Amino acid sequence: MAGRFAGAWDDLKQGFSKAYGEGREDQIQAHHRERAARGEAIESPRIEKLFGTNRSITFARDLLGMSNPEAAAARADMGMGLEEPGWKRVGQGLGVAAGDLTQDRSREAWWLLNAPQAVVNVGQEALLHNKKLGAPELWGTHKVNTADGKRPLTSGRDDVEEAIKLGYLDENENTTRGITRKDGFLQKRNYEPGWVDALMVPSGIATNAGIGLLNPFGGSEGYDAVFASEEDPNKTENVLAEVAAKYILGRTGNLSKWDEFKEERPDVSKGEYNAYKAFKWDKNNDMDLRDGDFTVGTGVLKGTTDGIHGAELQFLGRSLPVNTALMPIASTIAGTVLGARRGYGPGKRKIVGGLMGGMTGLASSSLAGNMVEQERRRRNMENNGNEDPMYSN
């Protein structure tokens, strides 16, 4: 009995120690091996990389038999495969959980998605990577050929020497940037990751414009600058600091005081202004949609159908109006995905097509969204009994 207990304890400790000792780079290397085995570039969309390198997620998938064969094989080859049923596997599970806490593995998901720009990037990448809707070949590879182009390079001696001359292998026969091996053949990624990331530019512009981060000289209509001037809070007293605060920290200025606000937004009544302020700062959970607004948790996600911007969502305090933010963002993403899927011209055709589609979607939807918003403001001003040349026909 004592021997059986000692054996179980040893297995538990061994499983725990081994799993707890695994590091972040171990998970990344296993993920790279998995993608190479599938004939894909080692770079992957953000959400796939998050799930593929999070040990808690990969262990759960292994345990439930949900891992793809290449992923399970890559971890097994690196000594991180699922332990045999018993106390060693129990210890492995405990080690994975403890490692998650000390290495902040699962909190990385929140860190990845804790800004509107990040959520947009992740969503667009997921659509681009979708086989039915997008252009997954952006993250794909192709076999590289000999100099005469008649056959793919293999790991034979003559081919190794030629691969070195062609720059696919270094003098130590290690693969160079963008080159992987699969089944003895050399594979080159279809597109450089920097160019793939460039597809986020149109949607990035749409998102930053929608939440008011593109004005380096002050705040958006009705909002103070981050570094507000004493003479005019809507203007900044330090352009460089304003740009840094908006670009690096994602900060926007506060809602202006009523006296300054009404000069910028004469379409809004004081009652509507006060109601919006109350909505904006209310952190109490509210899932009753009948009153036209909701609040999730401590105000991480909020929404209203009738704010000073019309219908809008708020994420971590960032306002995303439907007309001037969500509509352009959705249209820009759709244009980027459709353009990348179809492609345009030679060379980097998927990139060029995506950028053209994204910028077209951005321009058209921004114009349409602003027209809809101006009409909404005009009608609201009429309802409030105000008149202003800016909103008159």
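The values are calculated or read from the model by the stated rules, or taken from the named source; none is laboratory data. Note that the coordinates shown come from a computational prediction; the quantities given were computed from them, not determined experimentally. Every residue, glycine as well, gets a Cβ built from its backbone with ideal geometry; the counts of neighbours run over all protein chains shown. Only protein heavy atoms, including side chains, enter the accessible area calculation; ligands, DNA and RNA are left aside. Shrake-Rupley method; radii C 1.70, N 1.55, O 1.52, S 1.80 Å.
Key figures for this structure:
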| item | result |
| --- | --- |
| Within region 230-324, helices (runs of 4 or more DSSP H) holding 1 or more residues that are among the aliphatic types (A, V, I, L, M) | 239-247, 270-281 |
| Near pairs, Cβ below 9 angstrom, 6+ apart or cross-chain, from region 283-310 (under 22 Å from residue 376 (Cα atoms) and open to solvent by less than 20 Å² (accessible area, probe 1.4 Å)) to any residue that is β-branched (Val, Ile, Thr) and in a loop (DSSP other than H, G, I, E, B) | 308/268 |
| Looking only at region 20-54, and only at residues there that are over 17 Å from residue 191 (Cβ atoms) and not in a helix (DSSP H, G or I), the one that is most open to solvent (accessible area, probe 1.4 Å) | 21 |
| Failed item in (1) under 21 Å from residue 321 (Cβ atoms); (2) touching a residue at least 60 places away in the same chain (Cβ under 8 Å); (3) open to solvent by less than 40 Å² (accessible area, probe 1.4 Å), with residue 213 passing the rest | (2) |
| Residue 206 touching a Leu at 6+ places or on another chain (Cβ under 6 Å), open to solvent by less than 60 Å² (accessible area, probe 1.4 Å) and in a helix (DSSP H, G or I) | yes |
| Residues (in contact (Cβ under 8 Å) with a residue 60 or more places away in the chain, outside any helix (DSSP H, G or I) and crowded, with 16+ Cβ neighbours inside 10 Å) located in region 106-139 | 115, 134, 135 |
| Residue match in region 365-376 (condition: among the polar types (S, T, N, Q) and assigned to a strand (DSSP E or B)) | no |
| Selection count where residues are surrounded by 15 or more Cβ atoms within 10 Å (Cβ to Cβ) and either part of a loop (DSSP other than H, G, I, E, B) or modelled with pLDDT of 95 or more (or both), scope region 170-186 | 1 |
